[in-house]
Amino acid sequence: MERAMMQPSDFLAVDELLSPEARAIGQTVRDYACAELAPRISEWYDHGGIPAEIAPELGKIGLLGMHLSGYGCAGTSATSYGIACRELEAVDSGLRSLVSVQGSLAMFAIYRWGSEEHRQQWLPPMAAGEAIGCFGLTESDAGSDPGAMRTSARREGDDWVLNGSKMWITNGTVADIAVVWAQTEEGIRGFIVPADTPGFSAHEIKRKLSLRASATAELVFDDVRLPASAVFPDIRGLKGPLSCLNEARYGILWGAVGAARSCFAEALEYAQTRTQFGKPLSAFQLTQRKLADMSIALSNAALTATRLGHLKDAHRVTPEQVSHGKLANVRIAIEVARTARGILGAAGITLEHSVMRHMSNLESVVTYEGTEEMHALSIGRALTGVSAFR
Ligand code: TGC
Ligand code: FAD
């Protein structure tokens, strides 16, 4: 290949491994994100939130629950869904979070574990972005160890009565429904809670220094009375929520490639235009070493995501392989973002550039959907057969 034809952000031409469908979807989402989202993101980030009105826009281009089939969902491959996550997170992790929580957590939970009535009622408006969902698993005292949750649901006649609270819930304040996991006499069960149910409230978590273009909330359930039909019929135990996390973690491992790519591209451009000591920064050997390391890391992350996409499309991906991808790619993205921030010098700390915004977002991304330690322990268990979580 001629040097001039090389794509700096895809040095190994990894995208050539994608199907024409995945590439076309990637281009569509990229065009939309660059035209409609990128120009507004720093204002949303500065302000601390994201307008709920963008959900119908995302629905219109088929991004919500896009890897699910039927019920108004686009039914794309898992790889195409991953590419869409990559292009959204290239703008901001908060945008990918909105789409992840809607499609991979709330909608997937209903799709996989809900009754046919749940699916008919909720999936079409959620796919269109007319109804927003959130997913309540974490509590203030039960994060990495969700089995320690205290939120409970007890039967009263045919009804269920829900009490407790959930913490750090993405989309919580803008959601029309919450998928909530609670302790019952039969183990952990999942419930659909419409946000207008008496006793339910959502409280915005303010003063965040990360993932600012995203609504994060505490959900409170104070004697929330739900009909018998609100419960997911056939799933009991942690397997229910953990199966949904696999879906969202998969989207994140692609999203991290997008955040890393944006940081790398911005650093490369800045290094070529900023002059010090009479030369562009890119002409210094120390800068070239940083650019080479970032490029190698980015290609590794892209290869990991593409391989896991193909495994998922073949229904062969395991939760431990998803853990591998989430840990490896978010770690790479953080390192790339930090190096990029350094190359931009003082300019890198402002919202005029994206690097520090990505860097600080990635501190949430490495924590949510299982911390680095949880994924390392999951890989360790698969390698050794020994569980070291407790
Ligand atoms: P353990 O005994 O290992 O498992 C209990 C049951 O669950 C099954 N299971 C899974 N099933 C599907 N997928 C997985 N990944 C699974 N992992 C486990 C397991 O087979 C078992 O089933 P069964 O039938 O035998 O009962 O459970 P444990 O209590 O030891 O916990 C394991 C551990 C630590 C890995 C798990 O608790 C964990 O993943 N912790 C991290 C919690 C987490 O990731 N929370 C995320 C909350 S949601 C979120 O952060 C959204 S952010 C979204 C955004 O804005 O983008
Ligand atoms: P803890 O579990 O208290 O962990 C603190 C530290 O201790 C971590 O470094 C952890 O790795 C380490 N640690 C814990 N146990 C071990 C161990 N056994 N061995 C070694 N180290 C260990 N949750 C939802 O349910 N829905 C959402 O929509 C959602 N959105 C979120 C959005 C944002 C912006 C953030 C920041 C979080 C969100 N979360 C959500 C919560 C997220 O999933 C939790 O923060 C995460 O699971 C970690 O839990 P924790 O914060 O309580 O940390």
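Taking the C-alpha atoms only, the angle from helix 20-32 to the longest principal axis of the chain is near 90 degrees.
Which of K166/K206; K166/K239; K239/K312; K239/K326; K206/K326 have a Cα-Cα distance over 25 Å? Violating the 25 Å Cα-Cα cut-off are K206/K326.
Each Cα pair of the range 65-107 feeds into the Kirkwood radius, which the Stokes-Einstein equation turns, at 20 °C and 1.002 mPa s, into a diffusion coefficient of 207 µm²/s. Scanning residues 5 or more positions from G62 or on other chains, none has an amide H under 5 Å from its amide H, with H placed 1.01 Å from N in the peptide plane. Translational diffusion of the chain, estimated by Stokes-Einstein from the Kirkwood radius over alpha carbon pairs at 25 °C in a medium of 0.890 mPa s, is 114 µm² per second. If you take all other residues with their beta carbon under 11 Å from the beta carbon of G72, and give Lys and Arg +1 and Asp and Glu -1, the sum is 0. Helix 116-127 and the longest principal axis of the C-alpha atoms of the chain enclose an angle of approximately 30°.
What you get for the range 193-266, charging only the Cβ of Lys and Arg (+1) and of Asp and Glu (-1), is a dipole of about 320 debye around the Cα centre.
What's the center-to-center distance, using Cα atoms, between the range 277-301 and the range 160-204 in Å? Between the Cα centres of the range 277-301 and the range 160-204 lies a distance of 47 Å. Each peptide in 128-135, 295-302 receives the mean, over its residues, of other Cβ atoms within 10 Å, and ordering these scores from highest gives 128-135, 295-302.
Protection proxy ranking for 28-37, 109-118, using the average of other Cβ atoms within 10 Å per residue and placing the highest first: 109-118, 28-37. Treating each Cα of the range 236-310 as one equal point scatterer and applying the Debye formula with no solvent, the log10 of I(q)/I(0) at q = 0.17, 0.18, 0.23 Å⁻¹ comes out as -0.72, -0.77, -0.98. Distance distribution note for the range 288-390: the fraction of Cα pairs above 20 angstrom is 50%.
Only one residue of A35, G48, V14 has its Cα farthest out toward the positive end of the dipole of the range 1-88, where Lys and Arg carry +1 and Asp and Glu -1 on Cβ, and that residue is V14. The string of couplings for the range 248-257 from the Karplus curve (6.51, -1.76, 1.60, θ = phi - 60°) is 5, 4, 4, x, 5, 5, 7, x, 4, 5 Hz, one whole number per residue in order, with x for Gly and Pro. Judged by the mean number of other Cβ atoms found within 10 Å, the most tightly packed of the peptides 83-91, 260-268 leads the ranking 83-91, 260-268. Over the range 1-130, the fraction of Cα-Cα pairs per 5 Å bin, rounded to whole percents and listed from the shortest bin up, is 2, 10, 19, 21, 17, 13, 9, 5, 2, 1, 0, 0.
Return one number: the angle in degrees, 0 to 90 and rounded to the nearest 10, between the long axis of the Cα atoms of helix 78-91 and the longest principal axis of the Cα atoms of the chain. It is inclined by approximately 70 degrees.
Summing Cβ point charges (Lys, Arg +1; Asp, Glu -1) relative to the Cα centre of the chain gives a dipole of roughly 1180 debye. On a C-alpha basis, how far is the centre of the range 42-83 from the centre of the range 346-361 in Å? Whole number, if you could? Here the two parts' Cα centres lie 24 Å apart.
Readers should treat all values here as calculations from the given coordinates under stated rules, not as data from a laboratory. Here the structure is a predicted model, which means the values were calculated and not measured. All Cβ positions, glycine included, derive from the backbone under ideal geometry; neighbour counts span all protein chains shown.
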